1. Just the residues that are assigned to a loop (DSSP other than H, G, I, E, B) and touching a strand residue (DSSP E or B) at 6+ places or on another chain (Cβ under 9 Å), please, taken from segment 475-496.
2. Among the candidates 438, 430, single out the residue that is part of a loop (DSSP other than H, G, I, E, B), surrounded by fewer than 22 Cβ atoms within 10 Å (Cβ to Cβ) and within 26 Å of the chain's Cα centre (by Cα).
3. Sort out which residues of segment 115-129 are in a loop (DSSP other than H, G, I, E, B) and either touching a strand residue (DSSP E or B) at 6+ places or on another chain (Cβ under 8 Å) or within 12 Å of residue 357 (Cβ to Cβ) (or both), and write them in order of number.
4. Take residue 493 and tell me if it is closer than 14 Å to residue 311 by Cα, under 21 Å from the mean Cα position of the chain (by Cα) and in contact (Cβ under 8 Å) with a residue 12 or more places away in the chain.
5. Exactly one of (1) farther than 24 Å from residue 153 by Cβ; (2) crowded, with 24+ Cβ neighbours inside 10 Å; (3) within 16 Å of the chain's Cα centre (by Cα) is unmet by residue 282. Its number?
6. Give 362, 321, 310, 290 a once-over and let me know the one that is within 24 Å of the chain's Cα centre (by Cα) and surrounded by 14 or more Cβ atoms within 10 Å (Cβ to Cβ).
7. Report yes if some residue within segment 402-409 is out of contact with any strand residue (DSSP E or B) (no Cβ under 6 Å at 6 or more places or on another chain) and either without any contact (Cβ under 8 Å) to a residue 24 or more places away in the chain or under 28 Å from residue 178 (Cβ atoms) (or both); otherwise report no.
């Protein structure tokens, strides 16, 4: 099957929304911070009921109970041994009357492709980078840290951001093992930011950060029943992030609420998105329903129709639109070229033996460690990328130009102008399929691809459950339309409140 992000896209495949043949298990442990938000945690610290240290300890205990034991979510690769010490320092600042803003004392989990300082490593889930501590932290990690966030640890991810094989299994990495969906433990967490989404859904941390090339924030967020924000390309720095492709890579927040996501993205970008959150944010909006992205499944259709009714009830005008498709965009060609160039450039920024790495050497490492790295699927995408030439090749430049023309000029921009739209809406993807190692993902729906190729923003919000499995609704629009999307997503969330905690079926 063809891969995007690279999740297997099978629009005509049967959905995996059938009821799970298992029962709920009590893995809640009466968690004190269940469904806690950034504002509620701040209120607790301001009142003296909580401290950054007590909050951090509770999340560390929760990780210990659920990550490698209990349901064995495998959402976290490593925790920060200095997290409690950092929390104590931030508590001392608060006692002295100094707080750095809304993220002061808030624990955050970062995807394992986001560079951090010692003692945490950054490996993209691969044994080839085991023990690697980059000499410089990612810009976004520094922004969070300077804003008072506590880097609690690293989230598991699909190894090398799901860009190694067309048969890769989402959520699996050689370092972290198979990450599992907390709503049904035999189901996929989808996308490469799998650990970040699972951790947010299962209340393993206050908020998390993922990265997306094509679907890797919004898809795992959707199937794990949380909010995911893929910003406009370039809004959040990718400096220090292990790359797939610079023309599409974007970091963004994965949270349990739209408000938390707005707070986090405001810190990451330096912009204010919190002021966009309005209860009546859908009033007088013109929103295009992307009919080409609708999923032919009774339960999903029912959830979407209910969502559209809410949008209309809240004052939005809905217009059916067609012709939005990325099918002819040569995205894969662009990503192959950029992956080789960008990854080799990233390796050159590292220290010691890791500085000598190249894509070809990683391929060789995987062959030499087949039993650990290639046990479930191969690395044919690596090999295809390594065969590509430089970014001056005519084939690459034409493919990049075609992608931008199809997704932007003749795609999103053209349809927005034609119908005078504020944004688009569609199901993010189908419910999570069963984990099937070595046979890729049964991924249904293609909504994430067009805004991903265009480099335009995309927000997914819980739209309810199909059986016991979450489904997300997507809001996406033109470049730099984050404020509009936050306004709509928040209004929809507040009107529906469809987020449901996982039952670990």
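The values are calculated or read from the model by the stated rules, or taken from the named source; none is laboratory data. This one's a predicted model, so the numbers in the text were calculated from it and none came from an experiment. Cβ coordinates were reconstructed from backbone atoms using ideal geometry, including for glycine residues, and neighbour counts include every protein chain displayed.
1. Answer for segment 475-496, where residues must be assigned to a loop (DSSP other than H, G, I, E, B) and touching a strand residue (DSSP E or B) at 6+ places or on another chain (Cβ under 9 Å): 477, 478, 481.
2. After applying the criteria, what remains is 438.
3. Once the filter is applied, which keeps residues that are in a loop (DSSP other than H, G, I, E, B) and either touching a strand residue (DSSP E or B) at 6+ places or on another chain (Cβ under 8 Å) or within 12 Å of residue 357 (Cβ to Cβ) (or both), segment 115-129 yields 115, 116, 120, 121, 122, 123, 124, 125, 126.
4. yes
5. Going through the list (1) farther than 24 Å from residue 153 by Cβ; (2) crowded, with 24+ Cβ neighbours inside 10 Å; (3) within 16 Å of the chain's Cα centre (by Cα), residue 282 breaks only (3).
6. Answer to the check: 290.
7. Restricting attention to segment 402-409, the residues satisfying the condition of being out of contact with any strand residue (DSSP E or B) (no Cβ under 6 Å at 6 or more places or on another chain) are 402-409.
Restricting the remaining residues to those that are either without any contact (Cβ under 8 Å) to a residue 24 or more places away in the chain or under 28 Å from residue 178 (Cβ atoms) (or both) gives 405, 409.
Yes, segment 402-409 contains at least one residue that is out of contact with any strand residue (DSSP E or B) (no Cβ under 6 Å at 6 or more places or on another chain) and either without any contact (Cβ under 8 Å) to a residue 24 or more places away in the chain or under 28 Å from residue 178 (Cβ atoms) (or both).
Residues are listed down the side, and each one gets a yes or a no for (1) under 22 Å from the mean Cα position of the chain (by Cα); (2) within 30 Å of residue 371 (Cα to Cα); (3) crowded, with 24+ Cβ neighbours inside 10 Å:
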position	(1), (2), (3)
88	no, no, no
92	no, no, no
110	yes, yes, yes
114	yes, yes, yes
118	no, yes, no
124	yes, yes, yes
132	no, yes, no
